[in-house]
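Single-structure report; data block below.
The values are calculated or read from the model by the stated rules, or taken from the named source; none is laboratory data. The structure displayed is predicted, hence computed values, not measured ones. Quick reminder, even Gly has a Cβ in these numbers, built from the backbone with ideal geometry, and neighbours come from all protein chains shown. With ligands, DNA and RNA removed, areas are computed over all heavy atoms of the protein, side chains included. Shrake-Rupley method; radii C 1.70, N 1.55, O 1.52, S 1.80 Å.
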Amino acid sequence: MKVPFLDLKLQHQAIRTEALAALADTYDNTRFCLGRDVEEFEKTFSTMFGHPRTLGMNSGTSPLHIASLCGGFGPGDEVITTPFTFASSCWGISYVGAKPVFVDIDPDTWCVSPEAIAKAVTPRTKGIVVVHIFGQPARMDEIMAIARQHKLFVVEDCAQAVGATCNGAPVGGIGDCGTFSFYPTKNLGACGEGGAFVSRHPTVMDRAQLLRVHGSPKRYLHTEVGFNFRMDGFQGAVLSIKLKKLAGWTARRRAIAAKYRAGIKLAGVQLPAVPAYGESVWHQFTLLHPQRDALRTHLEKCSVGTDIIYPGPMHRQPCYASLGYKPGSIPVAEATSAHCISLPIFPELADEQVDHVITSVNTF
Ligand SMILES: *Cc1c(COP(=O)(O)O)cnc(C)c1O
């Protein structure tokens, strides 16, 4: 039996008729940039948070850039964040000339550690970029308490965690703003690039809306230097269709994760934690194992696709060499990168495939 790490074709075959009809309507009516399809998606997406507004954008990186500007981050400012992440969660900090300050992660959920954040706060600290990694919610209550104490602006990068909750609250609606990616491989994926920005502060939403389209409150008036971060109409149309399926897909991811958690019995393996304070949406199901590479080779022989996410933490990437982090300076993140291996987890996996993954892991 073959189990691919990810197969996007199955999901797109399942919604093909509905998606192509919606795309044809967008095409026939030339609603290419923003427009009704995007507005309808934004409206439905907002209901998840009880926020009045969402801003659809052209990627998950663009709202991170806008978040940094809305947080007032700039040269001379420090922004605390996690090194165990996809690169782009750091880019927003760097784009505006602020300095990312990397701190360690919790050893069980692999999200940024509130204790580590508290220790890293200095008079120059301006904000925190939290990443809900692999769909796991970070400990937002503690992070928000630190932020309140030091008046820090909190960005939640929810690219991997659409629908995850922390003490009943959806991630993205807890911090000062939340950012989402609809890159095709995410839990909610567009047929191309896409992203979104939400904030519970109306003034932040106004500024973000301005920045999204050329700093322009009305046609040919530009009150600040802005961007072209518009979502295109085709993505809005497809995302509205997929958003209706998201709860079902998330339930299936949770069922697969539960099967893995119950079935995997391998000496030396560390399973992902199920935090008591929140609910994961299982963007990845990642294990730690001291012989990760050998385990990966074994799984390959069993026709089980895996991935190493992420093989190198951000504080050790060449692009941040000038920050001067030495090997061993952020130990939990480094050990996690050295020992992590992600198993297939996507809603279309059949139970027999999940069983095959479990058996394959257990026979290592
Ligand atoms: C995917 C991802 C992003 C960026 O999204 P793009 O849409 O590719 O720009 C940002 N942060 C994290 C944690 C991600 O996984």
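Straight-line reach from residue 9: which aspartates and glutamates fall under 20 Å, measuring Cα to Cα and dropping same-chain residues less than 8 apart?
The qualifying aspartates and glutamates are 18, 193, 307, 348, 351, 352.
Compute the FRET efficiency between residue 213 and residue 169 as 1/(1 + (r/R0)^6), taking r as their Cβ-Cβ distance and R0 = 35 Å, and round to the nearest 0.05. Mind showing how you got there, number by number?
Details: r = 30 Å, r/R0 = 0.85.
Approximately 0.75, to the nearest 0.05.
Rounded to a whole number, what % of the accessible area of the range 246-362 do carbon and sulfur atoms account for, probe 1.4 Å?
Working: 2730 of 4910 Å².
For the range 246-362, the apolar C and S fraction of the accessible surface comes to 56 percent.
Sorted by packing (mean other beta-carbon atoms within 10 Å per residue), highest first, where do 60-73, 35-48, 330-343, 82-95 land?
Values: 60-73: 25.0, 35-48: 18.8, 330-343: 20.4, 82-95: 23.1.
Top of the packing list down: 60-73, 82-95, 330-343, 35-48.
Using just the C-alpha positions of the range 29-105 as equal point scatterers, what log10 of I(q)/I(0) does the Debye formula give at each q in 0.16 1/Å?
Debye output, listed in q order: -0.73.
For the range 246-362, just the Cα atoms, rotate onto the principal axes and tell me the three extents in Å, largest first.
Result, largest extent first: 48, 33, 24 Å.
Working with all protein chains in place, sort 193, 348 by solvent-accessible area computed with a 1.4 Å probe, largest first.
Working: 193 105, 348 50 Å².
From most exposed to least exposed: 193, 348.
For the range 246-362, what is the accessible area per residue in Å², given a 1.4 Å probe and the full set of protein chains? Intermediate values should be presented prior to the final figure.
On the way: 4910 Å² over 117 residues.
Per residue, the range 246-362 has an accessible area of 42 Å².
List, largest first, the extents of the alpha carbons of the chain along their principal axes, each in whole Å.
In descending order, the Cα extents are 65, 55, 36 Å.
So between residue 220 and residue 201, what do we pick up on full extension, going 0.36 nm a residue minus the alpha carbon distance?
Gain on extension, residue 220 to residue 201, equals 4.2 nm.
Using a Förster distance of 51 Å, how high is the FRET efficiency between residue 145 and residue 30, based on the Cβ-Cβ distance and rounded to 0.05? Can you show the working numbers first?
On the way: r = 49 Å, r/R0 = 0.96.
Step by step, r from the Cβ atoms, then E = 0.55.
Probe radius 1.4 Å, ligands and nucleic acids ignored: give me the carbon and sulfur share of the accessible area of the range 106-150 as a rounded percent.
Of all accessible area on the range 106-150, carbon and sulfur atoms account for 53 percent.
How high is the relative contact order of the chain, in percent, with contacts defined as C-alpha pairs under 8 Å that are six or more residues apart?
Working: 754 pairs, mean separation 80.0, N = 364.
Relative contact order comes out at 22 percent.
So if we plug the beta-carbon distance of residue 322 and residue 119 into 1/(1 + (r/R0)^6) with R0 = 25 Å, what FRET efficiency do we get, rounded to 0.05?
For residue 322 and residue 119, the calculated efficiency is 0.65.
Measuring from centroid to centroid over Cα atoms, what is the spacing of the range 62-76 and the range 88-139 in Å?
14
Report the rotationally averaged projected area of the range 36-166 based on its alpha-carbon convex hull, in square nanometres.
Details: hull surface 31.3 nm².
Approximately 7.8 nm², given one-decimal rounding.
Roughly speaking, what is the stretch gain from residue 265 to residue 14, that is 0.36 nm per residue apart minus the C-alpha to C-alpha distance, in nm to one decimal? Numbers along the way, then the final one.
On the way: separation 251, 0.36 × 251 = 90.36 nm, distance 3.36 nm.
Result for the pair: 87.0 nm of gain on full extension.
Quick test of the membrane-span-like rule: which DSSP H helices of the chain reach at least 20 Å along their long axis (C-alpha atoms) with mean Kyte hydropathy at least -1.0?
Numbers: long enough: 233-263 (43 Å, -0.08).
Flagged H segments are 233-263.
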